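Heads up: the structure comes next, in structure tokens.
The values are calculated or read from the model by the stated rules, or taken from the named source; none is laboratory data. What you are looking at is a predicted structure, and each value in this text was computed from that prediction instead of being measured. Here the Cβ positions follow ideal geometry from the backbone for every residue, glycine too, while neighbour counts run over all protein chains shown.
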């Protein structure tokens, strides 16, 4: 798969009924479970938080948080093999990462 050009995004804006257009970056990243040390590939999505193009539950409320570099949103429904990430974050325990 090859990314499409910026020009195509602007062309999409010319289509009747299209209110906004932007980029969704998708890549596989290596996740190291800090509790077990095991590695696993996981899918990561990137958006421009200023544009706010993803209107999915939980994302609009967190756009200010992800404006900081090296900050991600973690899906609470992710596989348990990634570790007790949700429990640690909800308990406010330091994780060494944001």
| said: Which residue is modelled with the lowest pLDDT, if the candidates are limited to region 70-98 and must be over 12 Å from the mean Cα position of the chain (by Cα), farther than 20 Å from residue 40 by Cβ and assigned to a loop (DSSP other than H, G, I, E, B)? | reply: 98
| Out of region 25-52, which residues are farther than 18 Å from residue 65 by Cα, touching a strand residue (DSSP E or B) at 6+ places or on another chain (Cβ under 9 Å) and either at pLDDT below 85 or not in a strand (DSSP E or B) (or both)? | 33, 38
| field | Boolean, residue 8 is more than 17 Å from the chain's Cα centre (by Cα) and outside any loop (DSSP other than H, G, I, E, B) | value | yes
| field | Among residues of region 22-70, those that are in contact with a helix residue (DSSP H, G or I) (Cβ under 7 Å, 6 or more places away or on another chain) and farther than 27 Å from residue 4 by Cβ, counted | value | 3
| remark: Restricted to region 20-38 and to residues being surrounded by 10 or more Cβ atoms within 10 Å (Cβ to Cβ) and more than 20 Å from the chain's Cα centre (by Cα), the residue nearest to residue 87 (Cα to Cα) is 35
| task | All but one of (1) closer than 20 Å to residue 77 by Cα; (2) in a loop (DSSP other than H, G, I, E, B) hold for residue 2, so report the exception by its number. | result | (1)
| query | Is it the case that residue 65 is at pLDDT below 85 and surrounded by 12 or more Cβ atoms within 10 Å (Cβ to Cβ)? | reply | yes
| said: Out of everything in region 7-19 that is surrounded by 10 or more Cβ atoms within 10 Å (Cβ to Cβ) and within 30 Å of residue 75 (Cβ to Cβ), what residue ends up being modelled with the lowest pLDDT? | reply: 9
